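The next block holds one structure in the form of structure tokens; read it before the comments.
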Amino acid sequence: MNSAKSVLVTGGAGYIGSHACVELLQAGYRVVVVDNLENSKFEALKRVQEITDKPLTFYQVDIRDHASLADVFAKEAITSVMHFAGLKAVGESCELPLKYYHNNVYGTIVLLQVMAEANVKQLVFSSSATVYGTNPQVQYTEDLPIGAVNPYGRTKAMIEDMLRDLSAADAIKPSQSPWKIALLRYFNPIGAHESGRIGEDPNGIPNNLMPYVTQVAIGKLAQLSVFGDDYPTPDGTGVRDYIHVVDLVKGHIKAIQALQTEKFAAGGCKAYNLGAGKGCSVLEIIGTFEKITGRKVNYSFAPRRAGDLPEYYANPALALQELGWQVEKTLEDMVADTWLWQVNNPQGYN
Ligand code: NAD
Ligand code: UDP
């Protein structure tokens, strides 16, 4: 067992976590997954092991369960943590805010307590571009103020604050093993593993653009509503920075490596944007989808969706400079891989 390289992946059975497990295993890490399977299936982890031809260790544990989580740390020689576990539906977070604060914020507090007790203090956290809230600037740099606009976003902003406080406490009371934390602010992850074996498997009707487009193209849903055609953008539809999920998880490997370098020798908590650095409109997504798949995407224009911003995208320069990371895949890759996953798995993991 190579205990120097054992990574605990919380939420590892989920969409992004399962792709992270593939990259970690392929990079030679030992992987331990903790997931309560609230929004995922064990089948995803079976496939991760098939793709990589390597085993991983799985615990069906809720991160809020202190005793069970501590037991995992006692049994496994964990050296760092990638923390994906959380709830992520913006609409549901507005209806059930306490569910989100309890799961995401309290769950992270328990995780951090258990990590501190086990003296495991390297963490890569799944944050989101949603923490930038509303900003006059459309290209986001990490130094912009934080100001989330919905309960889900506020859970991410609160967790970021908590992690910065934890790191700042090390400066007040120096520790031999200070916290080393990377806050990765994702833009819009889409796509799937190129094998077509793992991908995004949303429950019920998708909220996000890409899974919705895919289900329209395959005939599961009748028509896409394009939310807004009167935004101040080149074609009037919303602009986002889409990033291939495999590029995204490669950013996590770079981050976990960076935490072990001289730069983080004295500890620290640092945010990095993970995005392509360019915007793409809803109509461009539809056009690329039709070109790559040869399928028609039926759509009609609908009113703007409440809470949506017209346009934003990442400035990913810091991740390139400090992590040596940048996206490699194109929008065409994202669409082709999403489509392969959808065609091969019309019912997702069911
Ligand atoms: P996902 O729902 O597919 O994965 C999350 C996983 O966490 C699921 O497997 C779920 O069962 C598990 N989980 C949830 N609560 C848990 C708990 N209390 N204990 C143990 N396991 C728990 O979501 P995803 O798209 O893979 O997102 C992963 C992370 O990235 C989330 O924190 C999400 O907020 C963040 N993120 C996602 C996006 C996106 O567009 N997908 C964008 C920005 C940030
Ligand atoms: N969108 C849309 N129809 C849908 C879902 C999304 O037109 O059914 C638009 C949405 O208004 C935004 C973009 O697609 O401009 C990306 O939305 P998504 O929900 O995927 O991600 P968000 O950026 O909101 O987190």
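Rounded, prolate or oblate, given the Cα gyration tensor of the stretch 290-332, with a/c below 1.5 counting as rounded?
Here the stretch 290-332 falls in the oblate category.
With the dipole of the chain worked out from charges on the C-beta (+1 for Lys and Arg, -1 for Asp and Glu) around the Cα centre, which of A258, V131, P206 lies farthest toward the positive end?
Towards the positive end, the residue furthest out is A258.
What do you get for Rg/Rh over the stretch 77-170 if you use C-alpha atoms and the Kirkwood form of Rh? Mind showing how you got there, number by number?
Details: Rg = 14.1 Å, Rh = 14.2 Å.
Taking Rg over the Kirkwood Rh, I get 0.99.
What size of dipole, in debye to the nearest 20, comes out for the stretch 198-308 about its Cα centre when the only charges are +1 on Lys and Arg C-beta atoms and -1 on Asp and Glu C-beta atoms?
For the stretch 198-308, the charge dipole is close to 200 debye.
Per 5 Å bin, what is the whole-percent P(r) computed from every C-alpha pair distance within the stretch 152-308?
Result returned by the calculation: 2, 8, 13, 16, 17, 13, 10, 8, 7, 5, 2, 1, 0.
Can you check what the net charge comes to around K254, using other residues whose Cβ is under 13 Å from the Cβ of K254 (Lys, Arg +1; Asp, Glu -1)?
Working: positive: K250, K263, K270; negative: E23, D247, E322, E328.
My count for the surroundings of K254 gives -1.
Please arrange R304, R30 by counting, for each residue, the other beta carbons lying within 10 Å of its beta carbon, fewest first.
In order of increasing Cβ crowding within 10 Å: R304, R30.
Are there any trypsin sites (Lys or Arg not before Pro) in the stretch 215-255 that are in a DSSP loop and have at most 16 other Cβ atoms within 10 Å? List them by number.
Numbers: sites: K220, R240, K250, K254; in loops: K220.
Sites meeting the loop and neighbour criteria: K220.
Could you pull out the longest piece of the chain with no exposed loop GluC sites (Glu not before Pro) in it, calling a site exposed if DSSP puts it outside H, G, I, E, B and it has at most 14 other Cβ atoms within 10 Å?
Working: sites that count: E38, E328.
Within the chain, the longest run free of exposed GluC sites (Glu not before Pro) spans 39-327.
Could you tell me which of the pairs K250/K278; K5/K263; K220/K254; K46/K296; K54/K270; K41/K278 are separated by over 30 angstrom between their Cα atoms in the structure shown?
In this structure, K220/K254; K46/K296; K54/K270; K41/K278 lie more than 30 Å apart at Cα.
Using helices alone, I'd like the mean residue ellipticity at 222 nm for the chain: each DSSP H run of four-plus residues gives -39500 (n - 2.57), total over residue count, nearest 500. Can you show the working numbers first?
Working: 11 runs with 126 residues, N = 350.
Roughly -11000 deg cm²/dmol at 222 nm, from the helical runs in the chain.
Give me the dipole magnitude in Debye, nearest 20, for the stretch 126-251 about the Cα centre, with unit charges on the beta carbon: positive for Lys and Arg, negative for Asp and Glu.
Computed charge dipole of the stretch 126-251: roughly 380 debye.
Summing Lys, Arg as +1 and Asp, Glu as -1, what charge do residues with Cβ under 13 Å from the Cβ of L309 carry, L309 excluded?
On the way: positive: R240, R304, R305; negative: D241, D308, E311.
Around L309, the surrounding residues sum to 0.
Could you tell me the largest-minus-smallest coordinate of the C-alpha atoms of the stretch 243-324 on each of the three principal axes, in descending order and whole angstroms?
Taking the Cα atoms of the stretch 243-324, the three principal extents are 54, 30, 16 Å.
If you put +1 on each Lys and Arg Cβ and -1 on each Asp and Glu Cβ, how big is the dipole of the chain around its Cα centre, in Debye rounded to 20?
That gives a dipole near 380 debye.
Need one word for the stretch 278-350: rounded, prolate or oblate. Basis is the Cα gyration tensor (sqrt eigenvalues a ≥ b ≥ c); a/c below 1.5 gives rounded, then a/b vs b/c decides.
Oblate, since a/c reaches 1.5 and b/c is not below a/b.
If one computes the Cα centroid of the stretch 294-349 and of the stretch 30-73, what distance in Å separates the two points?
Distance between centres, Cα-based: 26 Å.
Could you put R185, R197 in order, starting from the residue whose Cβ has the fewest other Cβ atoms within 10 Å?
On the way: R185 25, R197 20.
Ordered from fewest to most neighbouring Cβ atoms within 10 Å, R185, R197 come out as R197, R185.
At q = 0.18, 0.21, 0.24 Å⁻¹, work out log10 I(q)/I(0) for the stretch 110-213 with the Debye formula, treating every Cα as an identical point scatterer and leaving solvent out; two decimals please.
Evaluating at q = 0.18, 0.21, 0.24 Å⁻¹ gives log10 I(q)/I(0) of -1.03, -1.15, -1.26.
Neighbouring Cβ atoms within 10 Å as the yardstick, rank T155, T237 fewest first. Don't jump to the answer; show the numbers that get you there.
Details: T155 28, T237 23.
Ranked by crowding around the Cβ, least crowded first: T237, T155.
For the chain, take the longest principal axis of its alpha carbons; what is the angle in degrees between that and the long axis of helix 245-258, to the nearest 10 within 0 to 90?
Helix 245-258 sits at roughly 20 degrees to that axis.
If the convex hull of the alpha-carbon atoms of the stretch 153-233 is projected onto planes in all directions, what is the mean projected area in square nanometres?
Result: a mean projected hull area of 9.9 nm².
By the scheme Lys and Arg +1, Asp and Glu -1, what is the net charge of all other residues having a beta-carbon under 13 Å from that of G287? The partial results should precede the final answer.
Numbers: positive: K291, R295, K296; negative: D235, E284, E290, E332.
Surrounding charge for G287 is -1.
With N residues in the chain, what two-decimal value do you get for its Cα radius of gyration over 2.2 N^0.38 Å?
Dividing the Cα Rg of the chain by 2.2 N^0.38 Å gives 0.96.
Read-outs: derived from the displayed coordinates by stated rules, not from any lab. Every value quoted in this text rests on a predicted model; they were computed, and no experiment measured them. Counting neighbours? That spans all protein chains shown, and the Cβs are built from the backbone with ideal geometry, glycine included.
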